[in-house]
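Student: Encoded as structure tokens, here's the structure I'll be asking about.
Taken together, the values in this text are just the output of simple stated rules run on the coordinates, not laboratory data. Being a predicted model, the structure only gives us computed values, none of them experimental. Glycine also receives a Cβ, built like all others from the backbone with ideal geometry; neighbour counts cover every protein chain displayed.
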Amino acid sequence: MLFFKKKNNEKDLKAYCNGDLVSIDQVNDEVFSKKMMGDGIAIKPSDCEIYAPCDATVTVVFESTNHAVGLTTEDGLELLIHCGLDTVNLTEKVFDCKVKKGTKVKAGQLLITFDPEKLRQLKCEDIVMLVVLNPGKTSQVKFVGDCSVKAKETVVATVR
């Protein structure tokens, strides 16, 4: 059935962690919920590993905390994976980034691990956002609705 076949110019973004996907509008931080940085999705993680949603190059690593990674795809789409809320100023080691700036990653490659118990002790919410920073680079990004997702398998967005 040809009408179900994916077009060649479409790219799937896979779940970057296991958990429950929620609309970015529901994130308890206006920078994300009001889409000040761009549209995206969020996953309430059920474990502590964050993976690349697609093939890309690591363009940014927030080295002081390791809580966020910027990725750029071959066709120029810029993505931000941001772990937790109120994590940018953490002084305790919670996150362990497994990649460095300039690293070429494959979809499903491990990017970050974190200590969920320590995050809770520090009163930081353990939600993980994926934000498209330059939506004008593509004609459309379609995000899936709220559901349970499996890292490296569930498609969470399609980019056209």
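Student: Using θ = phi - 60° and the Karplus form 6.51 cos²θ - 1.76 cosθ + 1.60, what ³J(HN,Hα) does each residue of the stretch 115-122 get, whole Hz, x for Gly and Pro?
Tutor: Once rounded to whole Hz, the list reads 9, x, 5, 5, 4, 5, 4, 8.
Student: I would also like to ask the following. Quick one: which residues, 5+ away or cross-chain, put their amide H under 5 Å from the amide H of Val149? H built at 1.01 Å from N.
Tutor: Gly19, Asp20, Leu21
Student: To continue, here is another question. Spelling out what I want: for every residue of the stretch 23-35, take phi, set θ = phi - 60°, compute 6.51 cos²θ - 1.76 cosθ + 1.60 (Karplus), and round to whole Hz; glycine and proline get x.
Tutor: So the Karplus estimates, Gly and Pro as x, are 4, 4, 4, 8, 5, 7, 7, 5, 4, 8, 5, 8, 6 Hz.
Student: With charges only on Cβ, +1 for K and R and -1 for D and E, what is the dipole size of the chain about its Cα centre, in debye, rounded to 20?
Tutor: 620
Student: Which one, Asn66, Val31, Ala157, is farthest towards the positive end of the dipole of the chain when Lys and Arg carry +1 and Asp and Glu -1 on their Cβ?
Tutor: Ala157
Student: Please list, in chain and number order, the residues 5+ apart from Asp55 or on another chain whose amide H is under 5 Å from its amide H, with Hs placed from the backbone.
Tutor: Ala107
Student: Can you list the residues, at least 5 places off or on another chain, whose amide H is less than 5 Å from the amide H of Ala157, using H built in the peptide plane?
Tutor: The answer is Leu13, Val144.
Student: Right, something else. Could you work out the relative contact order of the stretch 88-147, using alpha carbon pairs under 8 angstrom and six or more residues apart, expressed as a whole percent?
Tutor: 25
Student: Next question, about the same structure. As a test of the formula, what do you get for the chain when each DSSP H run with n ≥ 4 contributes -39,500 (n - 2.57) and the sum is divided by the residue count, at 222 nm and rounded to the nearest 500 deg cm²/dmol?
Tutor: Computed ellipticity for the chain at 222 nm equals -1000 deg cm²/dmol.
Student: Run the simple label-point estimate for Leu122 and Thr57 please: 7 Å along Cα→C-beta, distance reported in nm.
Tutor: Placing both labels 7 Å along Cα→Cβ, they lie 3.0 nm apart.
Student: Can I ask one more? With 10 angstrom as the radius, rank Thr91, Thr59 by how many other C-beta atoms surround their C-beta, starting from the fewest.
Tutor: Least to most surrounded, the residues fall as Thr91, Thr59.
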